[in-house]
Every structure is written in structure tokens, then in C-alpha cells.
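The values are calculated or read from the model by the stated rules, or taken from the named source; none is laboratory data. Just so it is clear, the model here is predicted, and its values are computed rather than measured. In this analysis, Cβ positions are derived from the backbone assuming ideal geometry, glycine residues included, and neighbour counts consider all displayed protein chains.
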Amino acid sequence: MKNFNIGKKLYRSSALFQFKLVFLLIALWVLANLYFKTFSDPDFIAHGWSSMADVVKFHIMYPVQVLGYALGTLTPAIYFAFFRDIVFFEKGFVVNKGLPFFNQSIKYIDIETFKIIHPKYLMSVKRKSLDEEILFTVKDIDRVVAIFDQQGIHGDLGKPIDPNSKSFNRKIAMFAIGFGIVWSILQYSGAIIEINRYFFR
């Protein structure tokens, strides 16, 4: 972020608690599923193993599932829960575009308008040059509105509340549940075991 020439830092907002909880629950869910699925792996059974220490030994011997979990689930969960943030500076702000470490610097002069979608945590901005609307969450909306106001950026304060915003938390929860179900199906269908066997056995 220091490479962006947009002035002094004014305000930083990290992930909201409920989002952190969702990301960490996804990671725990997939890890628990991986642990219990190991006991039905044919090669695990063939070794005659049955304890937690044996599970650890098994995944050290055949690491593809643990590597997949670490890269595909744990790392993104930790990043989005603890490292992804939005930082407002004197001349612009830096926001993550949805992928780990994929940050973008946006200057205030390039913003046409902003909108408060949820009065507690959800906002969006529309850029002048592009037909693009960027959605983001903040912990202190009043602080961000004050920054935009100082820059002469006008927006919609979100009254009445967009009815779709009422289900925003529900959509996040459904995404988490759906992701866990899909990953569980992959594990229990044997697809992950076959990939593991193909590369490491």
C-alpha cells in the first residue's frame, strides 16, 4: 500500500466479526470433514491405523489432501478474516477486489457517487470512467461518509434501506454452507482420494 501515492492514511477497516466467524467456520468445517473422512480411506484402513496420531502420520505420507486444504481453504480463510481490509487515505483508498492480495487503488477524483446499502456496514462506490460499482464493508460508515463529504463526493445515504440488504448476512451464511457441502461431497465421493492416490501412491 505504501507504493500508492494517495497521501496519508486516514482510516482502516478490517473484516467484520460476523465475516471473520464465517470464514473460520468454513475452515473448521472442512478440516473436521477431512479428519473424519480419513478413517474411511482404503489405504488408511490397510495400514491398520485408528488414532489421531495415525491420521497425522497418514497425511504426512500422502499430503495432497492437506496441501489442498491449506492452499484452497485455510489460507484464504485466514487472509479474508484477518488481513483483508480497506484503507482510506487523503487522496484515495485501497480496496481488495475479492482475491487474496489483489488490491486496487482508487482515487477520490475518479469516484462519481457512493451508496449506503446497509446502514451499519455495507457501501458501494461508482467510478466515473468505468461502468463499475465496487462493493465493500466498513466498521464505521459515518467515518467513511465524512471522508467522502470532505472530498465533495455525493451519494445515497440509503434511506429507505434496500430490501435486498436485509438478507445480506443470510446470503453470506448460505455461501458458507454451500461451499462446505460441495467440498464434503467431493471428499465423500472419493474424488479427493483418487487424486491423492494418483499423485502420491
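Some notes on this structure:
- Number of the condition not met by L31 [criteria: (1) surrounded by fewer than 19 Cβ atoms within 10 Å (Cβ to Cβ); (2) in contact with a Phe, Trp or Tyr (Cβ under 8 Å, 6 or more places away or on another chain); (3) not in a helix (DSSP H, G or I)]: (3)
- Filtered residues of the range 72-97 (kept if of a type in the set (S, T, Y) and surrounded by 16 or more Cβ atoms within 10 Å (Cβ to Cβ)): T73, Y79
- Per the conditions (1) touching a helix residue (DSSP H, G or I) at 6+ places or on another chain (Cβ under 7 Å); (2) part of a strand (DSSP E or B), the sole criterion not satisfied by L24 is (2).
- When we screen A173, A146 for residues that are assigned to a helix (DSSP H, G or I), modelled with pLDDT under 65, out of contact with any Leu (no Cβ under 8 Å at 6 or more places or on another chain) and among the small types (G, A, S), the only hit is A173.
- For the range 81-119, a tally of residues being part of a helix (DSSP H, G or I) and touching a helix residue (DSSP H, G or I) at 6+ places or on another chain (Cβ under 8 Å) returns 3.
- Any hit, the range 62-80, residues being assigned to a loop (DSSP other than H, G, I, E, B), of a type outside the set (K, R) and farther than 30 Å from K8 by Cα: yes
- Subset of the range 37-66 [hydrophobic (A, V, I, L, M, F, W, C) and surrounded by 13 or more Cβ atoms within 10 Å (Cβ to Cβ)]: F39, F44, W49, V55, V56, F58, V64, V66
- In the range 118-133, the qualifying residues are those that are at pLDDT 85 or above and surrounded by 14 or more Cβ atoms within 10 Å (Cβ to Cβ), and the one that is nearest to S14 (Cα to Cα) is M123.
- Complete set of residues in the range 120-143 that are in a loop (DSSP other than H, G, I, E, B) and closer than 16 Å to L16 by Cβ: K120, Y121, V138, K139, D140
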